[in-house]
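*Asks:* I am attaching a structure below and will ask some questions about it afterwards.
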Amino acid sequence: MIYLRAKAIDSCINHGRQLYYRLVFLLGMDPSLSIEIIAFWLLVEGNGEVDFLRQINSFHGNMFLDIAAMGKQFIDAMHGNPSGLKSKSTSKFHEEVIFGICFFLNNVCYKVLSDLRQKAEQHIAIDYVEESPGSSYHVHYQYMKKYQPPHDHRKHKYSMSHNLFCGNFLI
């Protein structure tokens, strides 16, 4: 478990910080949702998908937008009602995924991404990385700013640090 955490910290430092920046500052995603997506991706990487964050970080344009959207859909599904799951195996899978995401949130993401998260929640713009000139991030970001309501961080449903999601999994 210690080796897994050390490898996850290394991956999060090398790729997770840039991914968080891209999700929050370029795409305008909710900071708490973004950190949960990265914890989910670390869980995937920790379960044998070698260099998963590096691979995601190599995507640009629509490829990155699509994988970010899939990450959001998965996190939304995990926030769903687990008591509505039909089979024991599905319920057990849900529980194990929640446990894994909480593990990576508490032991990796909150430590490695805390400075970026704080800036995002305070709406402090940072110049962290340049995207390739042909990427569609800036167009997408302008769209998000123009047509989507601003985040109200007091009311968002994405907050695994809140007992609603990780309450039974104190790590």
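Values in this text are rule-based calculations from the coordinates and carry no lab data. Please read all numbers here as calculations on a predicted model, not as lab measurements. Heads up, the Cβs are rebuilt from the backbone with ideal geometry, glycines too, and the neighbour counts pull from every protein chain shown.
*Asks:* Return, ordered by residue number, the residues of region 5-21 whose backbone nitrogen is under 17 Å from a label point located 7 Å along Cα→Cβ of Glu121.
*Replies:* The answer is 20-21, whose backbone nitrogens lie closer than 17 Å to the label point.
*Asks:* For a quick protection proxy, order the peptides 99-108, 61-70 by their average other-Cβ count within 10 Å, most packed first.
*Replies:* 99-108, 61-70
*Asks:* Residue-wise, which Karplus ³J(HN,Hα) couplings in Hz belong to region 57-69, taking 6.51 cos²θ - 1.76 cosθ + 1.60, θ = phi - 60°, and x for glycine or proline?
*Replies:* Whole-Hz 3J(HN,Hα) from phi for region 57-69: 5, 7, 7, 9, x, 5, 4, 5, 4, 5, 6, 5, 5.
*Asks:* Mind sorting Glu121, Glu36 by how few other Cβ atoms lie within 10 Å of their own Cβ, fewest first?
*Replies:* Glu121, Glu36
*Asks:* What list do you get for Ser32, Ser87 if you sort them by fewest beta carbons within 10 Å?
*Replies:* Ser87, Ser32
*Asks:* Multiply the residue gap between Ile67 and Arg54 by 0.36 nm, knock off their C-alpha separation, and tell me the result in nm, one decimal place.
*Replies:* That works out to 3.4 nm of additional length.
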